[in-house]
Amino acid sequence: MNLRRKQQLWYVIADLISSILVWLCFLGFRWMVYEGRVELMADVLIPAFSLWRPMIIYPIVCLSIYYLSGYYLRPFQKPLGREFLQTFFSAVIISLLFFFVIVIDDEVDSYERYLVSLAVLFGLQFTLSYIPRLIISLLSRNRFIPRTRYVHSLEEAQQLVAGEQDEVVIDMPEGYSDAQLYSLIACLYPLSCEISMVPRVYDMLTGAARIGQVDRPSLIRITDQYMSDAELCIKRASDVVLSFLGLVILSPLMLAVSIAIRCTSKGPIIYSQERIKQYRLPFQIYKFRTMIDDAEADGVPQVTHDNDPRITALGHWLRKYRLDELPQLWNILRGDMSLVGPRPERPYFAEKIMEKAPYYCLLYKVRPGLTGWGMIRVGYAETVDKMIERLNCDIVYVENMSLLLDLKVLFFTIGVVFLGKGK
């Protein structure tokens, strides 16, 4: 387990323990407030629920809200002000949620007791969660671990080990070319850390350099995304929920497609193919087989084209309505992909693209998608030039990512599927 995962685990454990303590303390408060009013303690403590069910539900809800707030996404280098505000607003949401679910059912002789209960719950939630978080954050700052590393050449970057740094800052000598810069960035992505670079005079004049934390230098954040941490976590949570529901709801259709493939052609029903995902890491993408078995028997990767003889009769229909992509819901559930994002390329074609468009590596800072803006605007690419055209659309998406844009892409994708515009 690398340092980032360990730090995230410390925050999760602290939040789990604090949420249990919050609920126990709040139960004690309610027992004192309602003492003598009801004979059974279970009724005193939780009028509408059992004793143990909320004890389990409360920590789960707390951790879920903390995750959706984006708190766990960047475990190191947390600005203390942002940590305070994230904890504060999370405590507001949690206390209001449980107040209206549980406390509002209490029998009271004065509405002031409702306000007191809400204030006590919020106070406990904020205090008991913020103090452990603050301690962990301060301790992590005092560790003598080089969280930030500066690199000045490709050779230095190749010597770095994943998990040993939280951020790498590129500080190359004057006169370097864009191709050299993109090669260095592509080398750093597998480290799964933040990548920044010292800006040139031109970058500062054009506004590319941004002021982040006050105590840190102005840098160009290569891996920064347009979406906030909370939006990124909501996007991932949506991917998990929708892909799981898709696998369950569409399982009869997937079973029918599997039987049809088995009955109409020889070969595996589902085949896997190596693609490149976020941080330039390889993964296996899954699709329903639409071609004859051993379509690339010579071992040379090939793109499909109109009237491709390798595509089966059933495969033409599956591609037209993009049903061959359904197994990728499993890739989304696993975390290899997202519902919306740039389409992942095979390593062979990724290298071909980077020879002409070295900025292709900028796509590696996001998860690839089942569908994306490039797929909507350009569709399947039959040549490298077409792939670069799709790349340019994907770059625009990456630089303008938002939940609203994802909904727009999904809306257009539904039209493509129902109109049979795939190939």
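Observations
- Taking first residues from the range 125-141 that are farther than 13 Å from F88 by Cα and touching a residue at least 12 places away in the same chain (Cβ under 8 Å) and partners that are assigned to a helix (DSSP H, G or I) and not aliphatic (A, V, I, L, M), the Cβ contacts under 7 Å between residues at least 6 apart in sequence or on separate chains come to P132/S18; I136/W10; I136/Y11; S137/E83; S140/Q7.
- Selection of the range 225-245 for residues being farther than 16 Å from V398 by Cβ, modelled with pLDDT under 95 and among the small types (G, A, S) yields only A230.
- Residue within the range 256-271 that is closer than 27 Å to V366 by Cα, touching a strand residue (DSSP E or B) at 6+ places or on another chain (Cβ under 8 Å), touching a residue at least 60 places away in the same chain (Cβ under 8 Å) and not hydrophobic (A, V, I, L, M, F, W, C) present: no
- Identity of the residue in the range 187-224, charged (D, E, K, R) and assigned to a loop (DSSP other than H, G, I, E, B), that ends up modelled with the highest pLDDT: D224
- Within the option set P342, P309, P252, being surrounded by 13 or more Cβ atoms within 10 Å (Cβ to Cβ) and assigned by TED's automatic domain parsing to the domain that holds L404 holds for one residue only, P342.
- Residue check, D336 at pLDDT 90 or above and part of a helix (DSSP H, G or I): no
- The range 363-420 holds helices (runs of 4 or more DSSP H) entirely within its bounds, and those carrying 2 or more residues that are closer than 26 Å to A230 by Cα and within 18 Å of the chain's Cα centre (by Cα) map to 384-398, 403-418.
- Single condition A295 does not satisfy, out of (1) of a type in the set (A, V, I, L, M, F, W, C); (2) free of Cβ contacts under 8 Å to residues at least 40 places away in the same chain; (3) closer than 25 Å to E231 by Cα: (3)
- Per the listing L160, L188, L181, L138, the residue uniquely over 24 Å from L3 (Cβ atoms) and not assigned by TED's automatic domain parsing to the domain that holds Q278 is L181.
- Taking each residue of the range 330-358 that is under 13 Å from I276 (Cα atoms) and looking for partners that are among the acidic types (D, E) and surrounded by fewer than 18 Cβ atoms within 10 Å (Cβ to Cβ) with beta-carbon atoms closer than 8 Å, six or more apart or interchain, yields R346/E274; P347/E274.
- The numbered conditions (1) more than 17 Å from Q8 (Cα to Cα); (2) hydrophobic (A, V, I, L, M, F, W, C); (3) in contact with an Asp or Glu (Cβ under 9 Å, 6 or more places away or on another chain); (4) at pLDDT 85 or above are all true for C62 except (1).
The values are calculated or read from the model by the stated rules, or taken from the named source; none is laboratory data. Since the model is a prediction, treat every value here as computed from it, not as a measurement. When we count neighbours, we look across all protein chains shown, and the Cβ atoms used for this are built from the backbone with ideal geometry, even at glycine.
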